Amino acid sequence: MEVRVFVILLRYVKPLGEVDRLIDRHSAYLERNYAAGHFLASGRRVPRTGGVILARASTIEEIEAVVSTDPFITEGVATSEVIEFEPGRWTDGFGYLLEPEDA
């Protein structure tokens, strides 16, 4: 399985109060996808207008399917953009994250 890398950009389209009521469900979604090996890093945008997730998957369709289950997306409080990129360089200790899990 080839590993491809993606940046997922979330942009809030509803007030933060509506976003905040979904934080626990969104956190559980993040944890599931870290455990599944999809997510490498995540956090809030500064200023707090959305979030950023660094992810990996074998296809863009696979990662788009993962994103489609985010409570922020299913509840309509955020939109998403998935950007695929090919890492050409990385810091020591990061390269193993780009290898297939069954390698």
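Structure notes:
- Calculated FRET efficiency for the pair residue 14/residue 62, C-beta based, R₀ 35 Å, to 0.05: 0.80
- Cα gyration tensor shape for region 36-92, rounded if a/c is under 1.5, else prolate or oblate: oblate
- Put in order of Cβ neighbour count within 10 Å, fewest first, the listed residues 80, 27 become 27, 80.
- Here the relative contact order of region 4-86, from alpha carbon pairs under 8 Å that lie six or more residues apart, stands at 50 percent.
- A Cβ-based charge dipole, computed about the Cα centre of region 29-71 with Lys and Arg at +1 and Asp and Glu at -1, lands at about 300 debye.
- Between the helical axis of 23-35 and the longest alpha-carbon principal axis of the chain there is an angle of about 10 degrees.
- When the Gaussian network model of the chain links Cα atoms closer than 10 Å, the mean-square fluctuations of 89, 21, 44 top out at 89.
- Sequence of 20, 70, 92 once ranked by neighbouring C-beta atoms within 10 Å, starting from the fewest: 92, 20, 70
- Dividing the summed helix terms, -39500 (n - 2.57) for each DSSP H run of n ≥ 4, by the number of residues in the chain produces a 222 nm estimate of -7500 deg cm²/dmol to the nearest 500.
- Cα gyration tensor shape of the chain, rounded if a/c is under 1.5, else prolate or oblate by comparing a/b with b/c: prolate
All of the numbers you see were taken from the coordinates with simple rules; none came from a lab. Note that this is a predicted model, so its numbers are computed, not measured. For neighbour counting, all protein chains shown are included, and Cβ atoms are generated from backbone atoms with ideal geometry for every residue, glycine included.
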